[in-house]
Every structure is written in C-alpha cells, then in structure tokens.
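Engineer: Sending over a structure as structure tokens; questions will come in a sec.
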Amino acid sequence: MTINYQSSFQGKPDGKGSLYLVATPIGNLEDMTYRAVRTLQESDIIAAEDTRQTRKLLSHFEITPSELYSYHEHNKAASGPELIRLILEGKNLALVSDAGLPAISDPGADLVQLAISQGIPVVPVPGANAALSALIASGLPTTSFTFAGFLPRERKDIRNVLSGLRQVQGSLLFYESPHRVEKTLVHLQEAFGNRRIVLARELTKRYEEFVRGTLEECSAWLQEHPPLGEYVIVVEGESKAEAELAESAWWRELTVSEHVSHYEQEGLNRKEAMKKAALDRGVPKREIYNTLLAAEE
Ligand code: SAM
C-alpha cells in the first residue's frame, strides 16, 4: 500500500480544486456554522442531494451559488466522475446532503473515495449530526459507541446485523423513520433482550423529545404516543453480566425464537420451552412471551 498524504491547507497540488464536505442543519437553522456559509459562498460548485431543498437553505443564508449540481443515490454513478473531472480542472466543490453530515447515511462516501483516488484533498466542514446529538443527550455511555445507521429491510438481514451487534459493549446508534420505529424496537428486543434505550426524536426542532426507558417501556410508550418525525434510537451495549452469561452460553448466537424452537425440537411443549429459554437468559418468562408475540405479528 502506498501512503496517500493530504495537507488540506498548505499549497494546492497540481492546480486541483478541493472537495469540501459541508454539514448543514438537521432541523434548527441556527446550527449552520459560519464556516459552512463561507465555504458554500466561496465554492465554484455546490453538489446537493436535493437541489430544491438546498436552494431554500442557500436563499435563507443569502448564498448565491455559482453552479448547483445534483448528486444523489440514483445518479451518483454518472454524476460522481463528472464532479471529479471538474475538481481536477481546478474547481472547488462543496458537497451537501439534505441534512447533517454528508456521507453519514447519505450519499457522499463514494465521491470521497473517488476524490482520494485522484489525489484531491477532501476537507471536512463539520457541524450538526443526528446520531451524535442523540448520543450526547441520551445518558447512555459515550466512551465507546457503534453507529449502525439504518437497519436493512428484510427480517433475515435485520437479524444478521443485530446478532453481529449483540456483544458490542458500547452504545449502539440507529437511524429510523417513524413508520418503522415500533417494529424496529421489536427486533431490538428479540436480539438484545430488555435493554435500556433512548428514543431521540426531532432533534434540534420545536418538538424535540427524548424517551428514556427499557425496550419494553419504550414500546409501550409508542403505543400511547404514535411515532411522528425523525428518530435516532440509542441502545445500551452489552452489560458485564450479560457478557459473562453469554460467554459460557451455548445459545448465545440464537434469537429468542430460535432458542425456544430449539427446546421444542427436543420435545418440550411451547410453554415449557419458553420457561427454559427464560431461565437460560435470566429474564422473566413474560419477556420471552412478549418478544415471540411481537416477532410473529
Ligand atoms: N447525514 C445525516 C446526519 O448527519 O445525521 C443523516 C441523514 S439520514 C438520511 C436521515 C436520518 O437521520 C433520519 O431518518 C433520522 O433517523 C436521522 N435524523 C436526521 N435528522 C434528525 C433529527 N432532527 N432528529 C432525529 N433524527 C434525525
């Protein structure tokens, strides 16, 4: 491997421009930074996920872009190389997504890789981000954390991802839309048991809320308060006790349903199988029952 060295502000290599990754607010427009405004103002090109949305933001800050290009999930294969060509010609390009940091659950990562492969400086212009804003106010440990973004759509893929995260000891950060958040809590409970979580909703906006409780408590809360707006779900990592228990457990790779099925296959009826699984996991039988019920819905 050869070193790829970048000195962001000391001299310009070969007359190339730079790629600036510019954070924009996740709700509250006051979270726009001075540097973001200046960078957008001074760039030769702004590439935006949704040009209509970005035009509104630019007009709010009285920024007149020289050129506005579209760069999103569905045109990135064609648009990416074109943008890189323009940077190689000497244009400075600012990339923005609809909200927050570009390249975090947003298009951008591919453009960054292309730029690096062409020796183009990639310069972060940091600012608002939903996951970290949720984490710092969650009350759950912040010393180590894993950002998991959006879960996949298929049940099997969800289970695979969650089973890979089961033994992570730091806090876990998920993005979720309002119409999937309840189902996601069911999957989380099935994979992790009744851990503590925080539902962080509408961050930085007028109706910002934090719901802190166990997975069971927060699911019950959502029954009473139907989900609305954008969510970050922060889940506590594996506890020491869980780790010690799981260390020695034969069932540690199994979901709750797989665990119960295992005992059923050994000849126990459903009730006995649930009781044994509850005993293994050190949780009340009701928790196993609720998890199975929710997973079957
Ligand atoms: N790039 C963005 C960032 O840096 O946070 C994330 C973009 S991703 C496409 C959108 C998801 O981020 C939403 O579905 C939601 O899970 C989360 N999100 C964005 N804004 C949010 C907000 N104001 N409050 C809570 N979650 C938010």
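The values are calculated or read from the model by the stated rules, or taken from the named source; none is laboratory data. Keep in mind that what you see is a predicted model, and the values were worked out from it rather than measured. As a convention, Cβ positions derive from the backbone with ideal geometry for all residues, glycine included, and neighbour counts pool all protein chains shown.
Engineer: What residue, of 224, 209, is surrounded by fewer than 16 Cβ atoms within 10 Å (Cβ to Cβ), farther than 20 Å from residue 278 by Cβ and more than 16 Å from the ligand (Cβ to nearest atom)?
Structural biologist: Residue meeting the stated conditions: 224.
Engineer: Looking only at segment 29-55, count every residue that is basic (Lys, Arg) and either exposed (fewer than 11 other Cβ atoms within 10 Å of the Cβ) or in contact with a helix residue (DSSP H, G or I) (Cβ under 6 Å, 6 or more places away or on another chain) (or both) and tell me the total.
Structural biologist: Qualifying residue count, segment 29-55: 1.
Engineer: For residues in segment 193-206 being more than 9 Å from the ligand (Cβ to nearest atom) and touching a helix residue (DSSP H, G or I) at 6+ places or on another chain (Cβ under 7 Å), which is nearest to residue 239 (Cα to Cα)?
Structural biologist: Only one residue fits best here, namely 195.
Engineer: Give the residue that is farthest from the ligand (Cβ to nearest atom), with candidates limited to residues of segment 232-256 that are among the polar types (S, T, N, Q) and surrounded by fewer than 17 Cβ atoms within 10 Å (Cβ to Cβ).
Structural biologist: Of everything passing the filter in segment 232-256, 248 is farthest from the ligand (Cβ to nearest atom).
Engineer: Name the residue, out of 224, 264, 287, 253, that is assigned by TED's automatic domain parsing to the domain that holds residue 161 and among the acidic types (Asp, Glu).
Structural biologist: 224
Engineer: Looking only at segment 1-48, filter to residues that are part of a strand (DSSP E or B) and more than 16 Å from the ligand (Cβ to nearest atom); which one of those is farthest from residue 62 (Cα to Cα)?
Structural biologist: Out of the qualifying residues, it is 19.
Engineer: Moving on. I'm told residue 61 meets every condition in (1) among the hydrophobic types (A, V, I, L, M, F, W, C); (2) within 16 Å of the ligand (Cβ to nearest atom); (3) within 19 Å of residue 36 (Cβ to Cβ) except one. Can you identify the failing condition by its number?
Structural biologist: Every condition holds for residue 61 apart from (2).
Engineer: Still on this model: Just to be sure before I move on: is residue 165 touching a residue at least 40 places away in the same chain (Cβ under 8 Å) and either over 30 Å from residue 37 (Cα atoms) or surrounded by 17 or more Cβ atoms within 10 Å (Cβ to Cβ) (or both) in the structure I sent?
Structural biologist: Considered against the rule, which asks whether it is touching a residue at least 40 places away in the same chain (Cβ under 8 Å) and either over 30 Å from residue 37 (Cα atoms) or surrounded by 17 or more Cβ atoms within 10 Å (Cβ to Cβ) (or both), residue 165 comes out as no.
Engineer: Now a separate question. Residue check: is residue 123 assigned by TED's automatic domain parsing to the domain that holds residue 208 and of a type outside the set (Gly, Ala, Ser)?
Structural biologist: So residue 123 does not fit the description; no.
Engineer: Shifting gears a bit: Considering only segment 273-297, state which residues are of a type in the set (Asp, Glu) and either in contact with a His (Cβ under 8 Å, 6 or more places away or on another chain) or at pLDDT 90 or above (or both).
Structural biologist: Result: 280, single match.
Engineer: Taking residue 189 as the residue in question, decide whether it is more than 29 Å from residue 34 (Cα to Cα), part of a loop (DSSP other than H, G, I, E, B) and either more than 10 Å from the ligand (Cβ to nearest atom) or at pLDDT below 95 (or both).
Structural biologist: Criteria not met by residue 189.
Engineer: If we scan segment 279-290, do we find a residue that is assigned to a loop (DSSP other than H, G, I, E, B) and among the aromatic types (Phe, Trp, Tyr)?
Structural biologist: Checked against the condition, which is being assigned to a loop (DSSP other than H, G, I, E, B) and among the aromatic types (Phe, Trp, Tyr), segment 279-290 yields no hits at all.
Engineer: Can you pull out every residue in segment 141-186 that is assigned to a helix (DSSP H, G or I) and of a type in the set (Lys, Arg)?
Structural biologist: Those that are assigned to a helix (DSSP H, G or I) and of a type in the set (Lys, Arg): 155, 156, 159, 183.
Engineer: Something else about it: Can you name every residue in segment 113-130 that is among the hydrophobic types (A, V, I, L, M, F, W, C) and more than 30 Å from residue 1 (Cβ to Cβ)?
Structural biologist: Once the filter is applied, which keeps residues that are among the hydrophobic types (A, V, I, L, M, F, W, C) and more than 30 Å from residue 1 (Cβ to Cβ), segment 113-130 yields 128, 130.
Engineer: Any chance you could count how many residues in segment 69-121 are assigned to a helix (DSSP H, G or I), crowded, with 17+ Cβ neighbours inside 10 Å and polar (S, T, N, Q)?
Structural biologist: The total comes to 1.
Engineer: Right, residue 228: hydrophobic (A, V, I, L, M, F, W, C), without any contact (Cβ under 8 Å) to a residue 60 or more places away in the chain and closer than 26 Å to residue 286 by Cβ or not?
Structural biologist: No, not satisfied.
Engineer: Mind checking whether some residue in segment 135-149 is surrounded by fewer than 20 Cβ atoms within 10 Å (Cβ to Cβ), modelled with pLDDT of 95 or more and on the phi > 0 side of the Ramachandran plot?
Structural biologist: The answer is yes, given that some residue of segment 135-149 is surrounded by fewer than 20 Cβ atoms within 10 Å (Cβ to Cβ), modelled with pLDDT of 95 or more and on the phi > 0 side of the Ramachandran plot.
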